[in-house]
1. Would you list, by chain and number, the aspartates and glutamates whose Cα falls below 12 Å from the Cα of Lys122, excluding same-chain residues fewer than 8 positions away?
2. Short version: ³J(HN,Hα) in whole Hz for each residue of the range 105-120, in order, from phi by Karplus 6.51 cos²θ - 1.76 cosθ + 1.60 (θ = phi - 60°), x for Gly and Pro, what are they?
3. How high is the relative contact order of the range 24-76, given as a whole-number percent (alpha carbon pairs under 8 Å, six or more residues apart)?
4. Filter Lys79/Lys113; Lys113/Lys172; Lys72/Lys172 down to the pairs with a C-alpha to C-alpha distance above 25 Å, please.
5. Restricting to Cα pairs below 8 Å that are 6+ residues apart, what does the relative contact order work out to for the range 48-133? Please round to a whole percent.
6. Around Gln166, with a cut-off of 10 angstrom between Cβ atoms, what is the net charge of the other residues, counting Lys and Arg +1 and Asp and Glu -1?
7. Over the range 115-166, give the accessible area per residue in Å² for a 1.4 Å probe, as an integer.
8. Could you grab the relative contact order for the range 1-155? Cα pairs under 8 Å, six or more apart, rounded to a whole percent.
Amino acid sequence: MEKEVEIRLKVVTLQDVKQLQKISMETFSDTFKDANDEANLKEYLKNAYNLEQLKSELSDLDSNFYFVYYKKKLAGYLKLNVSNAQTETHDINALEIERIYIKPNFKRLGLGKYLLNYAIEKAKELQKTSAWLGVWEENINALNFYKKMNFVCFSEHVFELGGEKQRDILMKLIINE
């Protein structure tokens, strides 16, 4: 069976909010728990992924969430923003890739690349001139992955995790049609 057949995307709806909350908390924790203070992580999870916050994000017409399934099992998710839903710059000609998270047992299967390529295709479909994202400066694997995918650094911003301020690198891909 080919990978494309094994991988499937589903648009996340309000009816999926509890499943979105569960995978959001699980994947964020898995990614950042070893390098961060537990109390700061818990505070962040409580604020960023409470049901009301996620319902608000799901209701925003300028944001889209997608679940990715691998062999019919939920493996991760993607969040894309345009227009005023973008978290940093509100460039009408850009698409923000706000979240790409994969569950631990589904990493190294090409799902991150699949989701990133999907986001780039979505940006092209929407006639955007660039796609951008933020990545923690200490997340070396992610930084290297995005560089390999031709994203370049263009700025930075402060990301607050609980009471701790961290530096995120903002990376952009110029899209040529």
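1. Output for Lys122: Glu96.
2. Listing the rounded values in order: 6, 10, 6, 6, 10, x, 6, x, 5, 4, 5, 5, 5, 4, 4, 5 Hz.
3. Details: 20 pairs, mean separation 11.8, N = 53.
Relative contact order of the range 24-76: 22 percent.
4. Values: Lys79/Lys113 14 Å; Lys113/Lys172 16 Å; Lys72/Lys172 32 Å.
Exceeds cut-off: Lys72/Lys172.
5. Details: 122 pairs, mean separation 19.7, N = 86.
About 23 percent, as a whole number.
6. Values: positive: Lys165, Arg167; negative: Glu137, Glu138, Glu160, Glu164, Asp168.
Every neighbour counted, the sum reads -3.
7. Working: 2920 Å² over 52 residues.
That works out to 56 Å² for each residue.
8. Numbers: 194 pairs, mean separation 30.4, N = 155.
Once normalised by length, the contact order is 20 percent.
The values are calculated or read from the model by the stated rules, or taken from the named source; none is laboratory data. What you see is a predicted model, and the numbers here were worked out from it, not measured in a lab. Positions of Cβ are backbone-derived with ideal geometry, glycine not excepted, and every protein chain shown enters the neighbour counts. When the accessible area is computed, the model is the full protein with side chains, heavy atoms only, and any ligands, DNA or RNA have been set aside. Shrake-Rupley method; radii C 1.70, N 1.55, O 1.52, S 1.80 Å.
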